[in-house]
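Only one structure is covered here, and it is reproduced in the block below.
The values are calculated or read from the model by the stated rules, or taken from the named source; none is laboratory data. As the structure is a prediction and not an experimental result, all values here were calculated from the model. Backbone-built Cβ (ideal geometry, glycine too); neighbour counts: all protein chains shown. Side chains are part of the model used for accessible areas, which takes the heavy atoms of the whole protein and leaves out ligands, DNA and RNA. Shrake-Rupley method; radii C 1.70, N 1.55, O 1.52, S 1.80 Å.
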Amino acid sequence: MKLYEHPFSSAAFKARAVVFELGLPVTLVTVDMMKGEHKSPEFLARNPNGKVPTLDDEGFCLWESNAILCYLAAKKPESGLLPADPCGMAQVQQWLQWQATTFGPSTGEVMSETVYAKFFGRAKDEAKYAAGMEKVRRDLGVLEKTLAGKEFICGKLTLADFSLVSGLFLRTPMGVDLEAFPNVKAWVARMESRESVRKSLPPM
């Protein structure tokens with residue numbers, strides 16, 4: 001398997017972390033987005049959206065990061081990262097969808113006006129940043145209540161944790177402060193103490 005990714009992509013970050021957590025034989029291929037490699041005909045043949053991450057498993061190409069996480073976890077069902085029971089599986093899928101439709105876009109707005117603005121050499125749009133931060137704080141409130149009395153989002157470690165924490169690995173340059181969300185802060189610390197997550201962090 002080959003995982004086409006970029007160090008500062010939050011979507012690629014979670015895929016790398018799950019690869020390391022499961023110990024799967026996956027080769028990481030860095031896509032040089034500054035050179036436009038993600039828009040090359042070769043890459044678009046694997047992912048017509050021209051985005052990372054993209055997984056190529058001997059010709060079976062898969063995109064959308066949460067789908068990639070599910071595919072990887074299915075390779076090692078004994079890991080428990082994707083529960084087999086209906087309730088457990090539905091709960092994980094609920095959070096994966098919430099990440100894709102709500103938390104991911106919220107953190108993405110903030111990341112776009114901080115990390116990516118600096119990366120691509122453009123000015124920060126303060127209005128867009130403020131609007132994004134308001135949504136991020138709203139979403140952190142949801143996570144704060146969910147994590148009350150629990151170590152992980154679904155009680156035990158699952159794909160949901162890797163998917164959701166991906167939006168916060170660049171929280172310092174994003175200007176996201178977790179002091180008002182102690183349960184989230186403790187959960188992020190637990191996740192970042194895992195070797196798989198530490199290995200997935202980009203060089204800062």
* Asked: Within the bounds of the range 173-184, is there any residue that is polar (S, T, N, Q), touching a helix residue (DSSP H, G or I) at 6+ places or on another chain (Cβ under 8 Å) and farther than 30 Å from residue 77 by Cβ?
  -> no
* Can you tell me which residues in the range 38-57 are open to solvent by 10 Å² or more (accessible area, probe 1.4 Å) and in a loop (DSSP other than H, G, I, E, B)? -> 40, 48, 49, 51, 52
* Name the residues in the range 147-172 that are crowded, with 22+ Cβ neighbours inside 10 Å and assigned to a helix (DSSP H, G or I), would you? -> 159, 160, 161, 162, 163, 164, 165, 166, 167, 168
* Hits in the range 173-204 - residues which are aromatic (Phe, Trp, Tyr) and not in a helix (DSSP H, G or I) -> 181
* Restricted to the range 114-162, and to residues that are of a type in the set (Asp, Glu) and over 19 Å from the mean Cα position of the chain (by Cα), which residue is farthest from residue 33 (Cα to Cα)? -> 134
* Asked: Would you pick out the residues in the range 4-37 that are within 24 Å of residue 172 (Cα to Cα), in a strand (DSSP E or B) and either among the β-branched types (Val, Ile, Thr) or open to solvent by 30 Å² or more (accessible area, probe 1.4 Å) (or both)?
  -> 30
* **Options 103, 120, 169, 162: the member that is more than 16 Å from residue 12 (Cβ to Cβ), among the hydrophobic types (A, V, I, L, M, F, W, C) and either in contact (Cβ under 8 Å) with a residue 12 or more places away in the chain or touching a Phe, Trp or Tyr at 6+ places or on another chain (Cβ under 8 Å) (or both)** => 103
